[in-house]
Amino acid sequence: MGFFDDGAMAGIAFDDSAADALISAADSADQTLRSEGGFLGVATDYAMEDFKGGYATLFANALAVRADDRGRLAGVLAALVEDVRQAKLKAREEKARLKELSAWQQRADIREQHFQLFQSVASDPMPMEWPVVAPTISAVFSARDRARFAGGSGGATSSADPGKLREFVAQSRASTNILEAELGRIRNAWSGFTSACSWVNSGSVTFVSGLEQLLTENSADATWLEQIAAAFETAGAGTMADTMLNSALIQYAPPGQVGLNDIGALNVDQLKAWLAVPANKDRLQGLLQQPGLDPVVIAKWWAGLGHKMVGRAIEPGEAQLLLIEALPGVIGNLNGVTATARNLANRKRLVTEQDRINAELARTPQLLRISTGESITNPAWTQLQTQQKALNGITDALRNAGGTTAVLLGFDLTHGSPKAQVSAGNPDTADNVTYAVSGMNITPQSGFNDWAKNAANLQRHQQLLSENETFAVVAWINYDPPTVPTVNSGDAARAGADRFIVDLQGFNAVREGLGNRTSETLHVLAHSYGTTVTSNALVAVALNIASFTMLGSAGIEKKIRNTGDLHVPAGQVYATEAVGDGLADLGRFQRQDPRLESFGAKVFTSEEAMIDGTQYQGTTEHNTLVHKDARDGYGYLDQDTTALHEAALTTTGNGDQILPGARPLSPPAGFVGR
């Protein structure tokens, strides 16, 4: 037997003609790339003569990237040509070695057959046994992306001669067509080389796809410049605001570069196309949920998207409807957006949230088995049950606040405990708006439906007092209320005050933007621990409140010395507490009673009274809604109660008509005031 099997005599897979074809194609593409700068030079200078501003800078930068990329690719192709030539030499060397080895093997076989093996070493030495190392060819290139969006909300402008831009486009496309032919040739040549020259190892090879990327970028530049030219032609002017160009070119914007003003400048078709890209929708959500967002900025931005007044109603425009459809959970809770739009978004979310809860409940087991073998209630299942109860409560609250005329200002089931706010009447257009803040244990899943009924009761009584005005009362529970063990803590009140401030700033921003906000528009009413929340808010920030009314207060923090510390007009702070209310003072263990003479609120009665010939019922307990039949007592905001009537007076600018109530004689034992 010989030293080698038949496979060693098969030669190597390397076709010189395939290598020559690749060398020719790569060299041709190299030369074409190197000549493109001169081919485009005159057209470039011509286009840049009148092209100024932010988009001209982007064009110049794109040209620089294009020139650098084609130079890098030309260098890669030149190196490829040299590498393939070297591979041909190595392949020729290996083929010659194998040929000599094969011939020697044949002679050795003959000698072996004639028992002449001992003669081979001296007279016919064996050729080199070790093969020539196959070379590895690498050709790495990737084209860079080019920026085509200026962005920004300032007053920057760009100018251009659209005709000159179009001349560059024509020249650029001619060059691209030439390079497309080179791409086809080199793609085929590389494919043929890898098939016919598999002896050569392939390293990292991206030059073909890189050339494709380069031509794609060149074509995108041409389309981009055409759009710029078209924008100038449409405007009929040689100078345009960059914000107008941004609108026409927003499809080129990286999501992270787009701002609210860029989005606000889009027409409906542009916005629809932009929102169709998931990354863009994510960008918008991020912009609208960033901490510290100014409601005034949002109100201006939202109004700029276009809505119209139809009588006393507000109809969202097409662009606003697109955003409501795209991001209902964001728009529905966004301060600065009109209540009308938020209501549309949130009612849509009522359906989608129910679908989500149903789907998650279907795949979430109620019980979990633990290591001891026992079963415990699944926390995830419990959370879903809470969300379901909250959703049911919000639905009931809407019905109690007026059904189809009620406004769902916001709700949140997933960030902390559920929260919500529902209005009886439209806060966008009502002449008089009262924010009514509840106290301990009132949540969407428990008690919110009654609090919404309170809002409707107050709105109805306000309307009786002033038939020529319109009213809205917001049932606000957009905070985490305390429970019995925590009611004496101020933590929930401080956190709730922060949320209340932001929501009222949002209301003010909308109304001021609509031009229907006066100093008499907004009133605040609170019950129990809600008075602690709201007083903290009103001492912290001026919110242009016309009046502040407290029912059965769980106490005002001692740091608030008197009504003068509150940002409320003098003489417009009111308080009441029924004799039958046995719970309010339990919350004032470390807080003060706002009815104290030293605090300075005007006190009205909650007891049974005859007022202007009408008999009103006295409040018999701490709650606000109690009376269902003759056996029941009355809460503060039950229909036909003195407290409801008086609260309607204080929240409509008629506080001078209240029926005075009794003040406590002195602070409770153990209270240390200021």
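Nothing in this text is a laboratory measurement; each read-out follows from the coordinates by a stated rule. Note that the structure is a prediction, hence the values are computed from the model and not measured. In this analysis, Cβ positions are derived from the backbone assuming ideal geometry, glycine residues included, and neighbour counts consider all displayed protein chains.
General remarks:
- Cα-projected label distance for L367 with L465, points at 7 Å along beta-carbon direction, nm: 5.6 nm
- Dipole moment magnitude, nearest 20 debye, the chain about Cα centre, only Lys, Arg, Asp, Glu C-beta charged: 600 debye
- Full-stretch length increase - S489, A570 - with 0.36 nm per residue and alpha-carbon distance subtracted: 26.3 nm
- Projecting the Cα positions of F168, H523, Q388 onto the charge dipole of the chain (unit charges on Cβ atoms of Lys, Arg, Asp and Glu, taken about the Cα centre) puts H523 furthest along the positive direction.
- Only helices reaching 24 angstrom along their own axis (Cα) with mean Kyte-Doolittle hydropathy no lower than -1.0 count here, and for the DSSP H runs of the chain these are 16-48, 54-113, 162-196, 207-235, 339-362, 379-400, 448-465, 491-514.
- Cα centroid separation - segment 14-76 against segment 341-410, whole Å: 60 Å
- Local electrostatic count at S553 - Lys and Arg +1, Asp and Glu -1, tallied over other residues with Cβ under 12 Å: -2
- Computed from label points 7 Å out along Cα-Cβ, the spacing between R111 and V579 is 13.4 nm.
- Other residues with beta-carbon under 11 Å from the beta-carbon of E469 carry, at +1 per Lys or Arg and -1 per Asp or Glu, a net charge of -3.
- Dipole axis of the chain (+1 Lys, Arg; -1 Asp, Glu on Cβ), positive-most option in A265, N246, Y479: Y479
- Taking segment 432-530 and dividing mean pair separation by its residue count, relative contact order in percent (alpha carbons under 8 Å, at least six apart): 48 percent
- About its Cα centre, segment 112-271 has a charge dipole of approximately 220 debye under the convention of +1 per Lys or Arg Cβ and -1 per Asp or Glu Cβ, with nothing else charged.
- Residues whose amide H comes within less than 5 Å of that of K602, counting only those at least five positions distant or on another chain, are V573, Y574, A575 (H built at 1.01 Å from N in the peptide plane).
- Fewest-first ranking of H415, H627, H622, using other Cβ atoms within 10 Å as the exposure measure: H415, H627, H622
- When the helices of the chain are scored as -39500 (n - 2.57) per DSSP H run of n ≥ 4 and the total is divided over every residue, the value at 222 nm lands at -16500 deg cm²/dmol.
- Net charge dipole, segment 368-657: roughly 800 debye, given to the nearest 20, about the Cα centre with Cβ charges of +1 for Lys and Arg and -1 for Asp and Glu.
- Spatial offset of segment 495-547 relative to segment 145-196 amounts to 56 Å, using the alpha carbon center of each.
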